[in-house]
Structures are given as C-alpha cells and as structure tokens.
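Have a look at the structure below before the remarks.
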Amino acid sequence: MEENTSSASRHKIDVHKKEHKEEMIHQVISFILMILFTFIAFGMVVLEISSYFVKPVLILLAVIQVVFQLYYFMHMKNKGHFMPAMMMYGGLTVAFFTIITFTTIIWW
C-alpha cells in the first residue's frame, strides 16, 4: 500500500516537472521571437523603408507581441483565467468600436 502511494506521488511530481519544463520552453521561445520582432521593427525603421509598408507591419508585430505577453508571460492560457480574459476582450471590443465610431464621425 505504501509503495502505491509513493509511486503515485512520484508520478504526480514527474508530471508536474514535465509541465513546468514545457511551459518554460514556450516562454523562452516566445521571448526569443519577441526580441526578433523588435529587431525587425528597428531594422525597418533604420533602413527607412516606405512608411506605407512599415506602419502596417509594425502594428502587426506589436499585436503579435501583445498576444505573446498575455498568453505566455501573463499565463492567460492557463486554467482559471477565463474571467480576466473576458474582461480584457470586452474592453478591447468597446475600445475598438469607440475608435471606429469617432473615426467615422470625423471623416463624414
């Protein structure tokens, strides 16, 4: 009986270590990608590439970095973060429609 409980607890510890190792690998990869995206952004600005190309690419790189920050470094992908995620997405939706509304009012 004692061997079963120690074997089960040892298995639990091994699974826990494996999960943490995988999470750390994901964080390191996302960190490296964010550094790479930053270098790409600086490179495009330094090389004085056309602003019609640079501006959308910079915005895209910024959005990707925000997603990496939220999901990997702020652990929004983990269980128990549903309500904070819903509040953030709700705020983003309201902000998006507010910007669209005021842009439409100004242009017309």
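The values are calculated or read from the model by the stated rules, or taken from the named source; none is laboratory data. Please read all numbers here as calculations on a predicted model, not as lab measurements. Neighbour counts run over all protein chains shown; Cβ positions are idealised from the backbone, glycine included.
Each residue in the range 59-84 was checked for being within 25 Å of ILE35 (Cα to Cα) and either part of a helix (DSSP H, G or I) or aliphatic (A, V, I, L, M) (or both), and 17 of them qualify.
Does ILE106 satisfy being over 14 Å from the mean Cα position of the chain (by Cα) and either surrounded by 10 or more Cβ atoms within 10 Å (Cβ to Cβ) or closer than 30 Å to GLU22 by Cα (or both)? Don't jump to the end; show me each part of the working.
On the way: over 14 Å from the mean Cα position of the chain (by Cα): yes; either surrounded by 10 or more Cβ atoms within 10 Å (Cβ to Cβ) or closer than 30 Å to GLU22 by Cα (or both): no.
Spelling it out, it is not the case that ILE106 is over 14 Å from the mean Cα position of the chain (by Cα) and either surrounded by 10 or more Cβ atoms within 10 Å (Cβ to Cβ) or closer than 30 Å to GLU22 by Cα (or both).
Only a single criterion out of (1) modelled with pLDDT of 85 or more; (2) within 30 Å of LEU60 (Cβ to Cβ) is not satisfied by LYS21, namely (2).
When GLU23 is tested against (1) within 18 Å of the chain's Cα centre (by Cα); (2) of a type in the set (Asp, Glu); (3) on the phi > 0 side of the Ramachandran plot, exactly one condition is not met: (3).
Residue-wise test of (1) of a type outside the set (Gly, Ala, Ser); (2) surrounded by 11 or more Cβ atoms within 10 Å (Cβ to Cβ).
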residue: ASP14; (1), (2): yes, no
residue: ILE29; (1), (2): yes, yes
residue: LEU36; (1), (2): yes, yes
residue: ALA41; (1), (2): no, yes
residue: GLU48; (1), (2): yes, no
residue: TYR52; (1), (2): yes, no
residue: PHE73; (1), (2): yes, yes
residue: MET87; (1), (2): yes, no
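In the range 48-56 there is at least one residue that is among the hydrophobic types (A, V, I, L, M, F, W, C), over 30 Å from MET86 (Cβ atoms) and part of a helix (DSSP H, G or I).
For the range 36-53, a tally of residues being within 30 Å of HIS20 (Cβ to Cβ) and modelled with pLDDT under 90 returns 0.
How about the range 54-71: which of its residues are at pLDDT 85 or above and buried (at least 16 other Cβ atoms within 10 Å of the Cβ)? LEU58, LEU61, GLN65, listed by residue number.
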